[in-house]
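Since the structure comes first, as structure tokens, the remarks are kept for the end.
Just so it is clear, none of the values below were taken in a lab; they were calculated from the coordinates. Quick caveat: nothing in here was measured; it's all calculated off a predicted structure. Here Cβ is always computed from backbone atoms with ideal geometry, including for glycine, and neighbour counts include all displayed protein chains.
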Amino acid sequence: MTDRVRMWHIGMEKRKAPLRKHVWSLVILNFLDGLLTYIGLSFGAITEANPLLASFSPLTLLATKLFLSLCLFGFLYTPFIWIQSRIWRCAFIGVNSLYGFIMMLHVFWLIFYM
């Protein structure tokens, strides 16, 4: 395969699945949030700020986040990732930005607690 054909093929893959990278980012960020929240709750460094999840034990919270990450991972193998909608793309960018902010909070408490 020549470089030109390879680049065209890569370009087509990106066009065919415009939400793939956003879904992957959300899977990874959600998993990291669950893992770091579990560690923080287990050591008593943080409290859960989400009122819907605050009553869960650290292990239940981790299991919930892992399950959600697996569900999001499943979206990668459905026609959903081929939707070419600006609204969905913006929604994923917004949610990933929110999770990015949450990751900064996790890094903050990791630096000052550990």
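Details
- For the chain, modelled as a GNM whose springs connect Cα atoms under 10 angstrom apart, the maximal fluctuation among 92, 75, 43 occurs at 43.
- Taken over the alpha carbons of the chain as equal point scatterers, the Debye sum produces base-10 log I(q)/I(0) values at 0.11, 0.20 Å⁻¹ of -0.47, -1.05.
- Based on Cα contacts under 8 Å between residues 6+ apart, the chain shows a relative contact order of 42 percent.
- Helices that extend 18 Å or more along their long axis by alpha-carbon positions and average at least 1.0 on the Kyte-Doolittle scale are, among the DSSP H runs of the chain, 58-74, 86-113.
- Think of it as helices only: each DSSP H run of n ≥ 4 in the chain is worth -39500 (n - 2.57), and spread over all residues that comes to -25000 deg cm²/dmol at 222 nm.
- Projecting the Cα atoms of 36, 102, 88 onto the dipole axis of the chain, where Lys and Arg carry +1 and Asp and Glu carry -1 at the beta carbon, places 88 farthest toward the positive end.
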